[in-house]
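Data block below; observations after.
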Amino acid sequence: MVSIPRWVAVVGGIALALCLVLANVLLSVRANATNIKLYQNLWTELDVMEDTGMSIDDLTEAGKKLIDYFLGNSDSPQLTTRIHGFERELYNHRELQHLQDVKDLFVSGFTIEWLATAASFAIAILLITSGKHREASIAIYASAILSVVLLVAFALPAASDFTGWWTKFHLLTFTNDLWLLDPKTDWLIKMFPEPFFFATVKRVGIHTAITALVLGLAGFVIGLFGRRRPRTEKGWATN
């Protein structure tokens, strides 16, 4: 068994809790932002085909192209599609510039997610293999609680005024005004109207909450194993 000082276990526990929160939130964002089935369901629910003049098949093709772009599997989200029966390029220059900003944001988020996930596994393994089950359990419990607290803190203002909340998000996230699109000329905002994002943010919240519950259960199991382990070892020693 690896032996580590208590202060290392405490610092590791704090780092584990924070990394798990980051991994949880960012994983929830990625899972929904790259879910083409979710896109299709919301487009149908919001009748986006009518607003864009595009068929669900053409929207799906555009959505898949966009997801590939965000994931780094495509150099550009641009494609030629049919709008109101006529073929044309889907995005204008301003939209492409904004999508580049969005991609940069996703790439940063994906990188942080993978780093946080890897760090979480490494720290958890270190704590458990060194016999610090209690510290690991508390850290995982804390990550579940903190995830829920952050979820509530963001959900309340978003639910009461999503337009204002979404505007503040863009002001904090982007350093330019390219996100201010015109629904009369820009098809990106026709494809992804505000109700689309409201529904997606709700699903991200639900995903985060479910993962927090799973983390809470994992913390309970690790803590239970840690409490039983000394008695088992003692029993072996007396046989």
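No lab work stands behind these numbers, since they all come straight from the coordinates. Quick caveat, the model's predicted, so the values are computed rather than measured. Reconstructed Cβ throughout: ideal geometry from the backbone, glycine too, with neighbour counts over all protein chains shown.
Set the Förster radius R0 to 45 Å, insert the Cβ-Cβ distance between ILE4 and HIS170 as r into 1/(1 + (r/R0)^6), and round the FRET efficiency to 0.05.
The formula returns an efficiency of 0.55 here.
What relative contact order, as a whole-number percentage, does the range 84-239 give when Cα pairs under 8 Å and 6 or more residues apart are counted?
41 percent
Sort the following peptides by mean Cβ neighbour count (other Cβ atoms within 10 Å, averaged over residues), highest first: 13-24, 40-51, 172-183.
13-24, 40-51, 172-183
Quickly rank 131-143, 112-124, 83-95 as a protection proxy: mean count of other C-beta atoms within 10 Å, highest first.
Ranked by mean Cβ neighbours within 10 Å, highest first: 131-143, 112-124, 83-95.
Nearest 10 degrees is fine. How inclined is helix 162-173 to the longest principal axis of the chain, computing both from alpha carbons?
With both axes taken from Cα atoms, the answer is about 80 degrees.
Determine the shape class of the range 122-173: with a ≥ b ≥ c the square roots of the Cα gyration tensor eigenvalues, call it rounded for a/c under 1.5, and otherwise prolate if a/b is greater than b/c, oblate otherwise.
prolate
To the nearest 500 deg cm²/dmol, what mean residue ellipticity at 222 nm is calculated for the chain from DSSP H runs of n ≥ 4 alone, each contributing -39,500 (n - 2.57), summed and divided by the residues?
About -27000 deg cm²/dmol.
Using Cα positions and a limit of under 25 Å, work out the lysines in reach of LYS202, with same-chain residues fewer than 8 apart set aside.
Counting by Cα, and skipping residues close in sequence, LYS202 has these lysines nearby: LYS37, LYS64, LYS65, LYS103, LYS168, LYS190.
Which lysines, if any, have their Cα less than 20 Å from the Cα of LYS132, not counting same-chain residues under 8 positions apart?
Output for LYS132: LYS234.
Return the distance in nm (one decimal) between the two label points of a simple spin-label model at GLN40 and LYS202, each offset 7 Å from Cα along Cα→Cβ.
Placing both labels 7 Å beyond Cα along the Cβ direction yields 2.1 nm.
Assigning unit charges at the beta carbon (Lys, Arg +1; Asp, Glu -1) and nothing else, what dipole magnitude in debye, to the nearest 20, does the chain show about its Cα centre?
1820 debye
Mind pulling the per residue volume of the convex hull built on the Cα atoms of the range 157-205? Å³ is fine.
Expressed per residue, the convex hull around the Cα atoms of the range 157-205 is 84 Å³.
Once you order the gyration tensor axes a ≥ b ≥ c over the Cα atoms, which shape class does the chain get: rounded for a/c under 1.5, otherwise prolate or oblate by comparing a/b with b/c?
prolate
Based on the alpha carbon coordinates of the range 71-112, what radius of gyration and maximum Cα-Cα distance (Dmax) apply, in Å?
Every Cα atom of the range 71-112 included, Rg and Dmax give 12.8, 42 Å.
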